[in-house]
Structure formats: structure tokens, C-alpha cells
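Here's the structure we're looking at; comments come further down.
The values are calculated or read from the model by the stated rules, or taken from the named source; none is laboratory data. Predicted, not measured: the structure shown is a model, and the values here were computed from it. Note that we place each Cβ from the backbone using ideal geometry, even for glycine, and neighbour counts take in every protein chain shown.
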Amino acid sequence: MPASRAVEQPGKNMKILKHTPVPILGQVKKTIELRRTKVEHLIMALVVVLFLTMPLFAGPYPLAIMMDIGFYAIVTMGLILLMGQAGQLSLGQAVFFGLGAYSSAILTTQHHLAPWLALMLAAIITGSIAAGIGRAVLRLRGIIVSGVTLVLNLIFFYLVLSLVDLTGGANGIINIPSLSPVGVIPDSLFDYYFLWIVAFLLLAFSLNLVNSRTGRALRTMNILAGGGEETAQVLGVNVMKYKVQVFTLSAVYASIAGSIYAHHIGCIEPEIFGAHLSLLVAIMAIVGGMASPWGAFLGAGLLTGLTELLGGVRVGSG
Amino acid sequence: MKRIAILLLVFIIAIGGTVSCASPSAEKSYKIGALTSQTGKYSGLGLQTLEGIQVIVEDINEKGGINGIPLELVPCDDKSSTTGVTLGAKKLIEVEKVDVILHGSTTALAQSTMPVADEGKTPAILLSGTALFDDQLGKWCFRPMGSEEDYVISFFQYLNEDLGITRVAALLENSGFGQGFEFFMPGIASKYNIEVVMTQHFDPTATDLTLQMTDIKNSNAQALVIWGSGPAGALAVKQARDMGINSPITASFAQGSPDMVKAFGAYYEMSPSLIVPASKTDIWQELPEDDSDKAMCQDFASLFLEKSDPPHPANFYNVLGAQMMLFVVDSLKRAQPDPTNVEKARSELRDALESTENLNLLTAVYTLSPEDHYGSVMQKIMLITFKDGGKILVPR
Amino acid sequence: MDLSIVLQFFISGVNLGCIYAALGLGFFIIYSVTRVLNLAQGEFVMLGGMLTVTFYSMGVPILLSTLVAVVIAGLLGGVLYRGVIHPARNLSKATQTFLTVGFAFAIEGIALLIWGWEYRSLPNFLGTPNIHLGGATIIGQTPWVTGITLLVVTGLFFFFGHTIQGKALRACADNPLGAKTIGISVERMSLYAFILAGTLGGIAGAIITPLTMVSYSIGFPMTIKGLLAAFVGGITRAEGVILGGMVLGMAEAIAASLIPSGYHSIFALIILMAVFLCQPRGLLSSPGKT
């Protein structure tokens, strides 16, 4: 029924009116100010030094936690761009994490590509798939998008489970080669630095994006921050184009994390497409705050750290 | 700004926390890390396995430990996830400084344990893992738990030699569990002159299997083999009987677990009654007097009944958990490592595990070698069936 | 194709369709009134099943057990609104949706503590025997599932069409601001919506347990199944949810009889994607009318 699509939902429009519009320009200005404070530079330097030197004083277990935080932070960062900037609620980030991991694993174990090449190809593959999915899903509005993307997890889970020849079915893929060039430094150390350098590069890219023309365009359509797609359209923003772009970008983030994960752990299984990862990452984004990409590190760190502290080991004998 | 400060704080807490979590025990003991799924999708399997491990640890300690050194069990939850397994294994190795890891969960998670155990130079005993990957075990991992192959053989041998059946339909779970079974099925079926006339699949979460059953009913199969790891397999048995399929059905040990028997006992007993594999401990009362394992199984059965809380008879995964622990205990007794030097103890224990020979335990006899960490395991699979609310040996 | 397979396909399709519809209706009610996706809906289903089993095993007659279980599930729906959603009513709908996830985790954890990990089952209601029909079989519980689902749906239509509360709920769904202006308490209506959704979840859990078994962990998969039905048909209309459920049920049945086994589950999901591509708001999607 094409007619029905043309009719806008009256309830929706009412709600936009209900919000007191947040001054968008003010928010941008605040963000820029934040970035430029000296104290922040100092703290950033401190954090970087802490990260670089951590393998010197911490054993494999804290490093493993840091790896987990890194994976989650990258995926969450993509989601924060999507949610915080464009106002689109995706619960399907695990799909792109999984796609990245599986593409990387298949390209290296079956086609014997170099891991770093596989990582890049995986990001391209995932990005293309995400662009297709985005075009279909982002025609929807509001919270429904989150429901549909949640269902995507399930579709990919069963797809991977069924394509046994390609994906190994329920047993997954093992013996995925490591990213590290043989013999230079230990694999886990290389993975640690590689992951965190990628994470900080992506952070820098995200911060720039937030303060760019694209970032401002995205925020005008952000229903969560008082904007709206109608507003954006009136301002001459090509809403669909930007939405699909940022959706694809968030998928590429997740794909990169997924690829590094696959090469780091060495074996993967279909369960990584599970909706639990998608939900966890979304909760991290909300806990960390969606105004700035920094929130990803906060959310990932808090949730991973806390669950590990509270629920890791139940000491007792029998 | 404030955020970044919090961020820093969290990292410091996280790192500090992991160090403070380490509880260096003053007395010397052998630390056993039990990495099982306590929460999440595989918690049923993991909790039962853990219960089996706990009973043995308690028993050994009451009897004065191993050469006077007590065992200390460190249970750890793998959260039924690959990241959980990796973190848990690293924590056990590095923070808790365990001598050995017992991993009790599903195949995919067992695989994730392998690289960590190798890196941490700590022996790991894996409960699960399909026989398909046994050449990948590496130096520090052991999976002496038998193969799906043994179950396929026990089914097809029985169907052909005892019942004279030549045409069989298979209904397999769409998971790693079913995948392993399906891998071995064609070869073994033809060995026993059985034709698999139809192979159908079901999801682990399936609720309606009537359509698969209609196809099976319309095929000319004389018997039905169901292989599932959870309730869907038991539902399949129920719906087969509901649909009026009256041929013999064999199903996996998971379908014989107490909760399934409680729920579907009436269907299991419908003639011809359901046939499932079980350990000797399950039916020790039924074993003939001349069976050399009867005393051992009886002892374990009564020990488990006494120690478990709330008291209940040992089920299949309880037995497997106990068996993993007993496997380690044997090696500890032979190696007698010094518990104060963890690295040396781990390495000595590993060597001892590797040289296990003719070790007769509850469900199998083990012989391992440096080349073969899977071992030539002689499984003692018993086929049982259901009658008058109880289990009996299949008359052969 | 054999007649018995066609018949069985139809029976299975209707049965699965009713299960999907029963799971999906709760989403429709909460979403249309509050625009929140209640991702804890499956937990009500789990509780409905678990509580019915518990009471039944204590010797309470099956229909009474079901009734008590459903009432408790409904009350929990109210608790979810009062305790979680209402305090967060000024936050975004996204945050409120995630709060329901937290609630779901909490319920799952408590259920694990109370009941353990074991699966439980119920006999067919009142011991209804299986019906054999020309080579096909209707499992005894199926008529109960279909009948009760139909009854619930009829009840809902009556409630929304002919009672003052139902009309008020519809008004809130249509236009919350307008409803407020004419003196309807949107908050109270939201509370009713959650209680109603909890009740519906409880009913669904109780009637499907004899077919599917129940354990503490089934909540989340049930949530996903219900979401599927709601999305295929269109979450803003009750008819949409029911139609969506039926389409999915039939799709799964077709898949099971025609598609090589192993690909069943994907087939239903691919239908879902096809529906989205052609009709992004679901099959029945004229907004503004309930």
C-alpha cells in the first residue's frame, strides 16, 4: 500500500514537538571546547602512556581484560556514532562483528590471504553488506529499527550455522592465523598494541567526524537530541544518504574489531552473532554516554571491568 | 573531562582488582581450576559437570588428600561465551595459579581454551570437543572423553545385530553435537549393512517436529535414531510416539537425563521402549555380578548420593565431571609434584597425564601417549531402556 | 505430495502461527501505548510456564494453576512499569527499551535461583488425547493453543472496541497528547498496557508449555519470536500481529516440508526480510488506526 507509506504517523510528530529543542549549535560548541582544554590533553597523554606501558607491569590476565575492553570499545564507538549522532538505534552490531570475524577467518584459512589483507577485505565486505542492509532497514523510524536489527542477529546466526562448508557450521573455524609477523614480538603483545592503536586511531577519526559537516548534519536529524528527520530535510540534509553512511561506518568499526578478535583468539563459532553481544554493546553505549566517542571507552571499561570483578571466580572448595 | 577521569579510575580499579583478587593460600594444596558454564546457554551441562568434580574433590580431601596434600577447587564461570572462556582460563592460570584446568562446557568453548592453556603452559582437560578436531589438541590439552563414533557404533551394532534392522531414519540436531554424529554415521552404517534412508534435522530450540515425523513415518525406515543435546530431542521422541511411529527409537544420553525422564517417562516406556546410552554407574544395580566394574560404580553411586546437595543419583554429566577429576587425581598420585612450585608442578602433571596407561575409570579405560592426547579410550557404553518408572539394561 | 503431509503441514502451520501470534500480541499493546519495545516480554512467557508447572506439581488443578500463574505474570507487568519504566519516563524511549533488557536479565537470574536449570513439562491440558486425522496427527494440546489464542484475540478486540478503558488505550496509542488533553491519564493507561502485556505473556507461556517445555532460559528466545511476529505483520495493529504470526507459522511449516532440512529457520527469517523490503512497516500498516 504505497498510500500508507506517504501518511506520516501523527503520534511521532507530536512527540517531536513535545521535546524542548536542545540548541544544536550550543552542543557543538561545547564539544569543541571540551576537546581543546589543556587538561584533557594532559589526561590523554597519561592514558596513552598507561596503555603503552601496561604490558610491562601487567600479566596476561589484565591484558586479556584490556583486549576485551578494546574490542567492545571499538564496536561501541561505532554504535555511539550511529546512536549518539544520527539517533538510529541498532541492536545488530554483533552481526557486523561476526561478519568481520568470519570474513577474516575464511579469507585466511581457506584462501590463505595475509591476515592484515583479510582484515581490510573483511571491512570492505562487511561495509558493503551493511550498506545494503542499511538501505532496507533505515527506511523505518525510531525504536522499530532496534527491533529489526535485533532480528538480524538471528538471521546471520542461522545462516552461518547452515553454511557448513563455508563456515564450519556449529563447530566454527579454528587455527585462524595471528596478525603478528612471525617471531618479532609475542603474538599477544603485538595484538594488544595493534588493537589499541587501531582503537585510538578510530577514536581520533570519530572525534573529527563529530566536529565535521557530516557530524553536524547527522545531529540535526537526531531524534534523541531533539532534532528530527523533518528538520534535517528542511535544512537540506539528504537524510537517507547520511543515515546509510553512518550505519555502514558503524558496521566497519564492528568488522575491524571482529577481525582482530578472530586473529587474536584463533577460533570462532556462530555464537558470536548472538544477540547478547549486540545488547551488551548497546548497554555500554548508554552507560558510557552517547554525546562523545569517548563514552565508548567508559562504557566498555565499566561493564567489562565490573562483570569481571564481580562474577569472575567463585572461590570455594566443594 | 569528568568522563575521562572516571575512565582512568575504572582502569586502575580493574587492574588493581585483579591483583587483589588473587588469594595466595598459605597452606600448600593442589589447585584445581574448574572452568565450567555456570550461567548462560550451557549452564545445565556446566553445573552438572561441576557437581561431579566437587564430589570427588570433597571425597579425596576427607580421605586425607593426595599423599597428604589436599585439593583446592577453584570454580570459575565461563559465562557460556568464548570471551568468558578466554578470560576465565587466563584468570585461573595467572591469578589463581591453578595446577590444572578442567573445562566443562561445549565444543566451541573447549576450542577457545586450547590456545590459552598452551600459552600459559598449564594442562587442561576438556570435557567436550568433537572428534573431528582431535589432531589439534597441542601439547597441553587432553580430551580423553571418547568420540561420537563410539555412540554411533553402539547404536548401529545393536540395531543390526540384535534387531536385524537394515533401514534407519536419522533425526539429528542442527548443532555441533549433531554435526559430529552425522560425520561418522554413513561409514559406520554401511559397515553394519544399514541403509540410512532419510536424514532429517531439527533446531536445538525446535518445538514442532511433526512435519519431520510425517516424512519419517512415510519412509520405509524400520528404526529411528534421534541425536540431540537438549529438550528438543526429547520432544522428538514424544512427538514420534504421538504421531504413531511404533518402530524402535534410539536417542542420545541427553534424552536420558533425569529431568527429561521425569517429563516424558510415559512416552519413553511406550513399546518398543526408548533406547539411550548410559554409563555403568547409571544402572550399576543391573550389572551382572561378574562385571569387574560393578563395585567401583556402586561405590561412586552411593558416594554421589551422599555428597550431592540436594541428594540425587548421579546423572551422565555428573559422572563425566567426576571422571575428569579422577583422571587428574591418578596423574597427581603418580607424579607427586611439589605444590609450592606451580610451574614445575604443571609440567610434571602434564607429563604424568600423557603417560596414563590402562587407567580404568567409571565410563572408560584410558591409555594416552605423547602423540595422542585423545588417547585410545575404550568406552564402556551401556544401552539402557525404560520400564515401570525405572531404567533397565537393554536385553541383548 | 502425500495428502497426509499437506494436512500435517496445515495443522503445524496453524499451531506455530498461533504460538507466534500469542507471543507477539504483548509487544503490540505496550508499543502502541508507550512506544517502548518491551524486551522483557519473553520473561512473562517463561514465568507463565514455570509458575503453572510449579502450581500444577503442587496438586492444584491445571486450569486454576494457569489462572494464578497468569495473574502473577500480569502483576509483574505492572511491577515492570511502576518500578522501571515509570521512574525513567523522562528518558528517551531507547533508554527505556534497554531498561526492559535489564529487567529481563534480573528475572532470568531470579528464575535460575528459584527453579534451577532443569527443563520442566506439563501434560496436555485436561489430558486431551491426540487426534489422528487421515494420516496426520493433531497433538492434544494444539486445540487448546489455537482455542485460547482465538479467545484472547476476540477478547482483545472486544476490549478495544467496546469498553471505555480499551478506547482510552487506543486513544493513547493514536495520539498521546490529544488523549491527555481530553483528560485520559497516559500514565495509568501505560500501566494497564504493561499489566495486559504481562497477562498475555503469562497465558502464552502456560498454553505452550505442554508442547515446548519450559526452563529459566527460554525468555529471550521467546522475546525474539514474538518480535518477529510483530514486525512481519506490523506492530501497530493487533490484526497485523496475528497475520504476521500466521505467515511465519505457515512459512516455517512450508520450510520444514519443502526446504532441505537444516535451512528451516532461515526460511522464515528470509520471508521476514522480504516483507521488510516491500512493506517496511509490516503487512498491515496503516498508521493511526488500531
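Among what's in the stretch C:177-197 and is assigned to a helix (DSSP H, G or I) and either within 16 Å of C:Tyr20 (Cα to Cα) or free of Cβ contacts under 8 Å to residues at least 12 places away in the same chain (or both), pick the residue that is farthest from the other protein chains (Cβ to nearest Cβ). Among residues in the stretch C:177-197 that are assigned to a helix (DSSP H, G or I) and either within 16 Å of C:Tyr20 (Cα to Cα) or free of Cβ contacts under 8 Å to residues at least 12 places away in the same chain (or both), the one farthest from the other protein chains (Cβ to nearest Cβ) is C:Arg188. Here the stretch B:343-358 is the region considered, the condition is being surrounded by 18 or more Cβ atoms within 10 Å (Cβ to Cβ) and in contact with a strand residue (DSSP E or B) (Cβ under 8 Å, 6 or more places away or on another chain), and the residue that is nearest to B:Thr122 (Cα to Cα) is B:Arg346. The condition of being within 25 Å of C:Leu211 (Cα to Cα) and of a type in the set (Val, Ile, Thr) holds for only one of C:Val53, C:Val33, C:Val79, C:Val84, that being C:Val53. Of the candidates C:Glu108, C:Glu43, the single residue that is crowded, with 22+ Cβ neighbours inside 10 Å and either closer than 18 Å to C:Leu191 by Cα or of a type outside the set (Lys, Arg) (or both) is C:Glu43.
Can we say B:Ile188 is among the β-branched types (Val, Ile, Thr), in the same structural domain as B:Ile226 (by TED's automatic domain parsing) and in a loop (DSSP other than H, G, I, E, B)? Here the answer is no, as B:Ile188 does not meet what is asked. Residues of the stretch B:202-232 being of a type in the set (Gly, Ala, Ser) and either in contact with a helix residue (DSSP H, G or I) (Cβ under 9 Å, 6 or more places away or on another chain) or modelled with pLDDT under 90 (or both), which ones? B:Ala206, B:Ser219, B:Ala223, B:Gly228, B:Ser229, B:Gly230, B:Ala232, listed by residue number. Within the stretch A:257-283, residues that are facing chain B (nearest Cβ under 8 Å) and more than 23 Å from A:Leu298 (Cα to Cα) reach partners that are assigned to a loop (DSSP other than H, G, I, E, B) and not small (Gly, Ala, Ser) with beta carbons closer than 6 Å, at six or more positions or on different chains, in the pairs A:Gly266/A:Ile176; A:Cys267/A:Ile174. For the stretch C:92-110, residues that are β-branched (Val, Ile, Thr), within 9 Å of chain A (Cβ to nearest Cβ) and without any contact (Cβ under 8 Å) to a residue 12 or more places away in the chain total 1.
The requirement of being within 11 Å of another protein chain (Cβ to nearest Cβ), under 30 Å from C:Tyr56 (Cα atoms) and of a type in the set (Val, Ile, Thr) is not satisfied by B:Thr214. One residue stands out in the stretch A:51-74 among those that are of a type in the set (Val, Ile, Thr) and in contact with a Gly (Cβ under 8 Å, 6 or more places away or on another chain): the one that is nearest to the other protein chains (Cβ to nearest Cβ), namely A:Ile65. Restricted to the stretch C:229-258, and to residues there that are at pLDDT 85 or above and within 10 Å of another protein chain (Cβ to nearest Cβ), the residue that is surrounded by the fewest Cβ atoms within 10 Å (Cβ to Cβ) is C:Gly249.
Whenever a residue of the stretch A:38-67 is exposed (fewer than 13 other Cβ atoms within 10 Å of the Cβ), its partners that are outside any helix (DSSP H, G or I), lying with C-beta atoms within less than 8 angstrom and at least six residues away or across chains, give the pairs A:Val39/B:Met1. B:Ile101 passes every criterion in (1) more than 10 Å from chain A (Cβ to nearest Cβ); (2) surrounded by 20 or more Cβ atoms within 10 Å (Cβ to Cβ); (3) farther than 28 Å from A:Gly301 by Cα; (4) modelled with pLDDT of 85 or more apart from (3). Being closer than 19 Å to A:Ala170 by Cβ, in contact with a strand residue (DSSP E or B) (Cβ under 7 Å, 6 or more places away or on another chain) and either more than 9 Å from chain A (Cβ to nearest Cβ) or surrounded by fewer than 24 Cβ atoms within 10 Å (Cβ to Cβ) (or both): is that true of B:Ser128 here? No, not satisfied.
You will find that of A:Leu159, A:Leu154, the residue that is in a helix (DSSP H, G or I), of a type in the set (A, V, I, L, M, F, W, C) and within 12 Å of chain B (Cβ to nearest Cβ) is A:Leu154 and no other. Checked against (1) in a helix (DSSP H, G or I); (2) at pLDDT 90 or above, B:Thr122 passes all but condition (1). Comparison of B:Leu73, B:Leu45, B:Leu109, B:Leu50 shows that the only residue that is outside any helix (DSSP H, G or I) and in contact (Cβ under 8 Å) with a residue 40 or more places away in the chain is B:Leu73.
Determine, yes or no, whether A:Asn175 is surrounded by 21 or more Cβ atoms within 10 Å (Cβ to Cβ), within 14 Å of chain B (Cβ to nearest Cβ) and over 24 Å from A:Phe57 (Cβ atoms). No, not satisfied. Quick check, is B:Thr205 touching a Pro at 6+ places or on another chain (Cβ under 8 Å), surrounded by fewer than 22 Cβ atoms within 10 Å (Cβ to Cβ) and within 11 Å of chain C (Cβ to nearest Cβ)? So B:Thr205 fits the description; yes. Please specify each residue of the stretch A:128-171 satisfying the condition of being at pLDDT 85 or above, buried (at least 22 other Cβ atoms within 10 Å of the Cβ) and among the small types (Gly, Ala, Ser). The answer is A:Ala130, A:Gly134. Here C:Ile30, C:Ile5 are screened, and the one residue that is surrounded by 22 or more Cβ atoms within 10 Å (Cβ to Cβ) and either under 30 Å from A:Asn222 (Cβ atoms) or within 14 Å of chain B (Cβ to nearest Cβ) (or both) is C:Ile30.
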